[in-house]
Amino acid sequence: MNGAGERERLLPDSQALLQNLNKEIRTISHLLHPPLLDEVGLSSALQWYVDGFAKRSGIATTLELGADFGRVNSDLEIAIFRVVQECLTNVHRHSGSSKAIVRLNRSQDAVLLEIQDEGKGIAPDKRSQILGSGPLGVGLRGMRERVLQLEGTLDVQSDDRGTNVQVMFPIAKSSPVSSRDVKVNRLETKIVFSSSRAGSPVFQIAYDRTLLKIREELLKNRGYDVVSVLGNEDAQRSLARDQDWRLFILGHNAPPTTREAMVRWLKGNFPQTKVLALNPPSQVNLTHADFNFELDGSEEWLTAVASTSG
């Protein structure tokens, strides 16, 4: 086979390999820091994850969340999310349970997380390793170390009727909320739109398909009509200049130059409609956006959306 034929044969395999590699890199980056926490906060992120787990696994899984849970610091929110991920993964892989419950409550001084199943239980030697210092898999070891790092406690009760994992985290009195302040253009958050736009839909431009669906569901659950597209080109093709929009929402998962170009295009073609930009932590605000919010798990940006109803 000549060189050109060999290249043609290998090209599809190389492209498939690159696509799989890109997918794996995205998965690893999401595991290092779940973007859901930045997008919608811990409560909504957990509900989304539990619902998705139930659909993927076929295990009837419910989340019981304290009504006044509120916010805790970002390190604690990540730890809670990670523990839930690891515990539910183990329920799916090892327990044989058809049900699982995640409970999350807080007092003035502590957060109590509980994950319960009705499976076959954990062998005594494995339970001792989890609670002690014995060798563990990467996931369980990471969970134990994360709990200890935040001065929490881990307790595992297990028998042939199921397993109950209880984790207690103390709440630092000095940092009851995320240590990263939400960066908001304070002048712009005072703007109230004309009530004539109250029925107009929100137009969302996202740069990640998963986050697009999450934000869309979050907005629809709050009663907004939402149109969502992926990327600048789809947005420019989809937007009709005679359409009336409540607000443009711009996702964060793209280079600043790409997002700034989209804002300029929107302002040039829809000068009467405000643009809300969701920005990664530590990234500068988009100059031409009307609202700039740094994503730290806060839902303050939803307050700005609500202000557009007049």
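Here are the numbers for this structure:
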| quantity | calculated |
| --- | --- |
| From the options I214, I205, residue that is at pLDDT 85 or above and either of a type in the set (S, T, Y) or within 28 Å of the chain's Cα centre (by Cα) (or both) | I205 |
| Identity of the residue in segment 52-67, under 24 Å from W301 (Cα atoms) and in contact (Cβ under 8 Å) with a residue 12 or more places away in the chain, that ends up surrounded by the most Cβ atoms within 10 Å (Cβ to Cβ) | L65 |
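The values are calculated or read from the model by the stated rules, or taken from the named source; none is laboratory data. Keep in mind that what you see is a predicted model, and the values were worked out from it rather than measured. Cβ atoms come from the backbone with ideal geometry, glycine included; neighbour counts cover every protein chain shown.
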